[in-house]
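Let me begin by presenting the structure, written as structure tokens, before commenting on it.
The values are calculated or read from the model by the stated rules, or taken from the named source; none is laboratory data. These numbers come from a predicted model, not from an experiment. Cβ: placed from backbone, ideal geometry, glycine included. Neighbour counts: every protein chain shown.
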Amino acid sequence: MYETNFHKASTAQDAAALLAKSDDGKILAGGQTLIPTMKQRLAAPSDLIDLSQVSALRGITITKRKKMGIMKAEGGETITIGAMTTHSEVAGDAELVKVCPVICQLAGNIGDPAVRHRGTIGGSVANNDPAADYPAALLALGATIHTNAREIAAADYFKGMFATALTDDEIITAVSFQAPAVAGYGKFPNPASRYAMAGVFVAKSVEGDVRVAVTGAGDNGVYRHAGLEAALSADWSAASVEAVEVSADGLMSDLHGNAAYRANLIKVMTKRALA
Amino acid sequence: MKIAMTVNGKSVSRDVTDNTLLVEYIRDHLRLTGTHVGCDTSQCGACVVHVDGQAMKSCTMLAASAEGAAITTVEGLAKSKDDLHPMQVAFKENHGLQCGFCTPGMIMTATDMVTRYQSQGKELTEDAIRHELEGNICRCTGYHNIVKSIADGASKMTTV
Amino acid sequence: MSEGIGARVLRKEDKRFITGKGRYTDDIVEDNQAYAAFVRSPHAHARIVSIDTTAAMKMEGVETVLMGPELVADGIGNIICGWGVTSKDGSPMNMGAWSALATEKVRYVGDAVAIVVADTKSLAKLAAESVVVTYEELPVVVGSVEALEKGAPQLHDNAPGNLIFDWEIGDLAPTDAALAAAAHVTELDITNNRLAPNPMEPRSAIATFNEAEDHYTLYTTSQNPHVARLVLSAFYNVAPEHKLRVIAPDVGGGFGSKIYIYPEEIACLWAAMKSGRSIKWTSDRTEAFLTDAHGRDHVSKAKIGFDKDGMIVGLKVETKANLGAYMSLFSSAVPTYLYATLLSGQYNIANIYCNVQAVYTNTVPVDAYRGAGRPEACYVIERIMETAAREMGVDPSELRAKNFVTSFPHQTPVIMAYDSGDFAANQKQAQDAADVAGFAVRKSEAATRGKLRGLGYSNYIEACGIAPSAAVGSLGAGVGLWESAEVRVNPVGTIEILTGSHSHGQGHETTFAQIVAERFDLPTENIQIVHGDTDKVQFGMGTYGSRSGAVGMSAIVKAMDKVEAKVKKIAAHVLEAGEDDIVIEGGAVKVAGTDKQMLWHEVGLAAYTAHNIPEGMEPGLKESAFYDPTNFTFPAGCYICEVEVDPETGVTEVVQFVASDDFGTIINPMIVEGQVHGGIAQGIGQAMFENVVYDDAGQQLSASYMDYTMPRADDLPNYSVHHSSTTCPGNPLGMKGCGEAGAIGSPPAVINAITDAIGNNNLSMPATPAAVWTALQDVSIKLAAE
């Protein structure tokens, strides 16, 4: 690993200031992608700003939906997950699992137990690995990415593989989304890396909007699949998925499988996400 | 920079460069060489230690990030020098190791999973053990006896 | 004796490993230690135009940067292949020059160009990056078939057409005639995929030169420290043998890849002499993928003929073996004498012919990896037997059984003389354990869950215990393949066994102690095994080819024979009895049928005090022996694999894996089962997961665990391991060897099972989900067309 200057931030503001001051600094969240990248000498940030002590960025809050002004309704809760919340914390949150079990299940299958103890949702979303799981969830759930400067809709945030709407000095503080009426995630792990080779997140909001987001398979990162969305909007069932023609165009081919195989996986994983 | 933490119950402090990995701090600076490095991509798990009670990959963490943390390595797992942790005993009794290189990481991962399952009241089935070992690679044993060792060790560990 | 032969003794070596006190090479720190990093070629084939080390040399803390021309000028010899293979036209093999640091050309990505020595590891890496090498890129070839084509890029001037040798075994004309007259002929194209051995401990070395004593020490991750010393001395001229100590401390797995002497050890020793620093180098994982010798990589065409009764009449195989950019130490023997000599399998085949073309390509050198040639042979014969049975519509196990060799010794047409075995017994045991009779029911039950279930056999045989020195010498081996041992009984009666075998996971410290415990009726805690240090152990050929039991332990037995004879002489003298009346039991040396005895340690003490030993006898109680086997040994067995395939994704689950092995005498069943488990895991790895992939430019696409699929716990089943043994007549303990069987026998069983499940025999290893799914699409396309 190349030399770097380490800083421990105490607050998000502190981190933003340190980041602004640095030459070519990077935020260190859980580091489960950044550190290996640095070890392979593929990244050489001048400074690392460690958020691990910023407790304000950690934790999950669930707010019930207001109905008729004062009544609190079941379903459609607003879920806010602090950027430094680890995958294992999301996976094991007793309240979250009641309102949005799919996000717990997704988090519980990222990496391995040791990675989940350290890796964070903010880090994953900031990195936007084209085979990561969270981007598919956030896109399908119509989530909002909160930063120290603004709020960004997921639809505007993910800009192709490893690319996001974040500016150089911007730090993710949290993500929030509405608990879906129904949702599921089907993940086919790459046999070697265990990242998604095709991961499909299907979600129907309490308002009835259907979104289907695909990770791992596209040749430019996470994207929404219009054909599957149309089919599931009309009929939320595996049978309707079966009738969709999933094209191999724009899908990735590599030593683990060609685009045709990934197209098949998208369909199969969509069906399994519904199960 | 000076980095202080507690390792195996002892307060330690070393002057290291900012880019020092936790595993380098443990191996090169503290000379606790039971924690190993078997890959560059955070997958093999030979480097797993406990950081504040949770299994983590010490090759994928800076020493500086562990400032002030309580670290347990395989050398500090047993209650005393003359004692063995039940999981260590289980690995020996079930022939859960051959070349021994992945073993420290396996044992640290194993004790972590048993602690978690027991605290959550979940049953640690064979399938669960195999799934929990996703981040630990062994090339010698074919995992059969590692899985057996962990099940046996779990039955002898009481953490709650 | 509870700790003797056959006992499940827990391993003596475990305590240090479970407590983190193992001592691997990278754990060791020498005084005045510096670190090495290598400047490696980013190109698969290029001419070195210039190397500029100015920037690196200027960095503070950089000790030295050394390059190929200086290495050659200092008289360091080229890396050699130690086994000469002769082409069918009588010409010797074409071995291209391999300098530890490249001089004019680089021939694979990772080829070492310079060594950089610096105060810290990260500084060495940084300095290595700042060395500027200007290359003139050359055309690249990575596949063996392409490398043999006209106009292919040429790697070595002395190997025209990239052909290393064109070798044959068996008789062509009778084989062709038999095939022409056969009632049924089955043909099969077979690819044996290229693998990276991946012991979990990466290679590492620490080289030290003591100028005052003119003496070198090398700590290294070696399976055979004495062979390393021999080669480093006799061929690479690094130092004469008596001035070089090689220590292989705890070694974290080898699987063949740590047999060889690599450029890094040579360069580190040489640089230690030049710089006066101790030099440590430890490979990272990507460097391991780029430089550790790979395994397998065969492309074969096979043809087998049967008469009208289903009896095999002939087998013809043509193989192209990719040996990579240079010939590694045993690379020539693997696709020839360790491969084609096993093509007869467990079957009585009168006519066999095999032609092997070994080829240079712009890839990492290929050499022995667990099984070494025998997995490739087993894959050919067991895939084609299964295929033939399907074509002829007969039960694959019955087709095998009717062709079994049943009387021993059995001379095959391809050198090997099988000495013992009961193949039918192994098959029966495996079939019973696997409940083959119940398979049809399981298959239909799986179908109700939407799964395709299949069952596949593999009846393997291998040649182990390598090897009779005169025999291998006549076949081209540059060394004898005996083993040595020394048995030291100390004055207090404890025993040290010095062995030339090396343990890197096999548990020798336990099993070797068990045979001594058995012989002298002592507890294993009184017995210490010493290995892995050329200053301590007299000599040794090391551990590979499943030889440590059949050869290494036999040497101990021979030395124990001498100790026992002397013990009996001393006891007979002291107890005033006849030597023939002396027995050793219960920790004592007794006169049979009397109460006269000496305790074991009293004999030791008597030998060393020498106050009262027979006249003319030398004091002391220490004997050594060299054991040279009389034949190979022939472990064999039957493996049955049962799989379920998810047709939607192509994911295959191994739902049952049964092994019935014949290893001859088993010293410690617990350890033997562990060896089988690990071997099967590597075999399933080859069959379903692992593959080294190069692109056309010679870049390795699978050079990390992100893309090279190492089998993990949730990929693999529990194994059902059984033994049905016959005694090996060739060595005193009756042992055959168990280290490689699992890796040899399992791949065809897995592929036979998957192809059975999906109804398409056209499936190559590794049967990844994508490959299986694609093969299933081919079936459905075919069905749709019909």
Would you check if there is a residue in the stretch C:690-702 being within 14 Å of chain B (Cβ to nearest Cβ), assigned to a loop (DSSP other than H, G, I, E, B) and not aromatic (Phe, Trp, Tyr)?
yes
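Based on this model, can you work out whether residue B:47 counts as facing chain C (nearest Cβ under 8 Å) and under 25 Å from residue C:120 (Cα atoms)?
no
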Among the residues of the stretch A:101-114, write down those that are in contact (Cβ under 8 Å) with a residue 24 or more places away in the chain and touching a strand residue (DSSP E or B) at 6+ places or on another chain (Cβ under 7 Å).
A:102, A:105, A:106, A:109, A:113
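Taking the stretch C:218-245, which residues are of a type in the set (S, T, N, Q) and surrounded by 23 or more Cβ atoms within 10 Å (Cβ to Cβ)?
Residues satisfying the conditions are C:220, C:221, C:222, C:223, C:224.
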Taking the stretch B:111-144 and keeping residues in a loop (DSSP other than H, G, I, E, B) and either facing another protein chain (nearest Cβ under 10 Å) or within 12 Å of the chain's Cα centre (by Cα) (or both) leaves B:136, B:137, B:138, B:139, B:140, B:141, B:142, B:143
Residue in the stretch B:78-110 that is farthest from the other protein chains (Cβ to nearest Cβ), counting only those that are buried (at least 24 other Cβ atoms within 10 Å of the Cβ) and assigned to a loop (DSSP other than H, G, I, E, B)
B:96
For residue C:29, are the conditions met, namely being more than 30 Å from residue C:234 (Cβ to Cβ) and crowded, with 22+ Cβ neighbours inside 10 Å?
no
Qualifying positions in the stretch A:164-183 - assigned to a loop (DSSP other than H, G, I, E, B), among the small types (Gly, Ala, Ser) and either within 16 Å of the chain's Cα centre (by Cα) or buried (at least 20 other Cβ atoms within 10 Å of the Cβ) (or both):
A:165, A:179
Picking from C:558, C:568, which residue would you name as being touching a helix residue (DSSP H, G or I) at 6+ places or on another chain (Cβ under 8 Å), surrounded by 17 or more Cβ atoms within 10 Å (Cβ to Cβ) and not hydroxyl-bearing (Ser, Thr, Tyr)?
C:568
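Residue check: is residue C:328 surrounded by fewer than 24 Cβ atoms within 10 Å (Cβ to Cβ) and either assigned by TED's automatic domain parsing to the domain that holds residue C:390 or farther than 22 Å from residue C:412 by Cβ (or both)?
Spelling it out, it is not the case that residue C:328 is surrounded by fewer than 24 Cβ atoms within 10 Å (Cβ to Cβ) and either assigned by TED's automatic domain parsing to the domain that holds residue C:390 or farther than 22 Å from residue C:412 by Cβ (or both).
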Test: residue in the stretch A:49-66 that is touching a helix residue (DSSP H, G or I) at 6+ places or on another chain (Cβ under 7 Å), part of a loop (DSSP other than H, G, I, E, B) and more than 9 Å from chain B (Cβ to nearest Cβ)
yes
Among the residues of the stretch C:706-732 satisfying the criterion of being buried (at least 19 other Cβ atoms within 10 Å of the Cβ) and part of a helix (DSSP H, G or I), which is farthest from the other protein chains (Cβ to nearest Cβ)?
C:715
In the stretch C:630-648, residues that are crowded, with 22+ Cβ neighbours inside 10 Å, touching a helix residue (DSSP H, G or I) at 6+ places or on another chain (Cβ under 6 Å) and in a loop (DSSP other than H, G, I, E, B) total 1
Within the stretch C:208-224, is there a residue that is in a strand (DSSP E or B), modelled with pLDDT of 95 or more, closer than 25 Å to residue C:367 by Cα and in contact with a Phe, Trp or Tyr (Cβ under 7 Å, 6 or more places away or on another chain)?
no
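Just the residues that are surrounded by fewer than 24 Cβ atoms within 10 Å (Cβ to Cβ) and either touching a residue at least 12 places away in the same chain (Cβ under 8 Å) or more than 11 Å from chain C (Cβ to nearest Cβ) (or both), please, taken from the stretch B:19-31.
B:19, B:20, B:23, B:24, B:29, B:30
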Restricting attention to the stretch C:521-553, report how many residues are surrounded by fewer than 24 Cβ atoms within 10 Å (Cβ to Cβ) and assigned to a helix (DSSP H, G or I).
2
Are any residues in the stretch C:573-594 small (Gly, Ala, Ser), out of contact with any Lys or Arg (no Cβ under 9 Å at 6 or more places or on another chain) and either in the same structural domain as residue C:226 (by TED's automatic domain parsing) or free of Cβ contacts under 8 Å to residues at least 24 places away in the same chain (or both), and if so, which ones?
C:578, C:588, C:592, C:593
Among C:497, C:466, C:461, which is under 23 Å from residue C:254 (Cα atoms), aliphatic (A, V, I, L, M) and touching a Cys at 6+ places or on another chain (Cβ under 9 Å)?
C:461
Looking at the stretch C:548-570, can you tell me whether even one residue there is in the same structural domain as residue C:619 (by TED's automatic domain parsing), free of Cβ contacts under 8 Å to residues at least 24 places away in the same chain and on the phi > 0 side of the Ramachandran plot?
no
For residues that are β-branched (Val, Ile, Thr) and assigned to a helix (DSSP H, G or I), tally how many sit in the stretch B:56-77.
2
Keeping to the stretch C:733-749, report how many residues are crowded, with 21+ Cβ neighbours inside 10 Å, part of a loop (DSSP other than H, G, I, E, B) and on the phi < 0 side of the Ramachandran plot.
4
Subset tally (residues that are surrounded by 16 or more Cβ atoms within 10 Å (Cβ to Cβ) and part of a helix (DSSP H, G or I)) for the stretch C:593-629:
9
Number of the condition not met by residue A:186 [criteria: (1) outside any loop (DSSP other than H, G, I, E, B); (2) in contact with a Cys (Cβ under 9 Å, 6 or more places away or on another chain); (3) under 27 Å from residue A:264 (Cα atoms)]
(2)
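Kindly indicate which of C:667, C:684 is over 27 Å from residue C:644 (Cα atoms), modelled with pLDDT of 95 or more and within 22 Å of the chain's Cα centre (by Cα).
C:667
Looking at this structure, is residue A:238 in contact (Cβ under 8 Å) with a residue 24 or more places away in the chain, crowded, with 18+ Cβ neighbours inside 10 Å and within 14 Å of chain C (Cβ to nearest Cβ)? So that I can check it myself, show each step before the final result.
On the way: in contact (Cβ under 8 Å) with a residue 24 or more places away in the chain: yes; crowded, with 18+ Cβ neighbours inside 10 Å: no; within 14 Å of chain C (Cβ to nearest Cβ): yes.
Against the criterion (in contact (Cβ under 8 Å) with a residue 24 or more places away in the chain, crowded, with 18+ Cβ neighbours inside 10 Å and within 14 Å of chain C (Cβ to nearest Cβ)), residue A:238 does not qualify.
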For the structure I just gave you, tell me whether residue A:119 is modelled with pLDDT of 95 or more, over 16 Å from residue A:177 (Cα atoms) and in contact with a Lys or Arg (Cβ under 7 Å, 6 or more places away or on another chain).
no
Grab the strands (runs of 3 or more DSSP E) fully contained in the stretch C:435-500, keeping just those with 1 or more residues being more than 30 Å from residue C:82 (Cβ to Cβ) and of a type in the set (Lys, Arg).
C:452-461, C:483-489
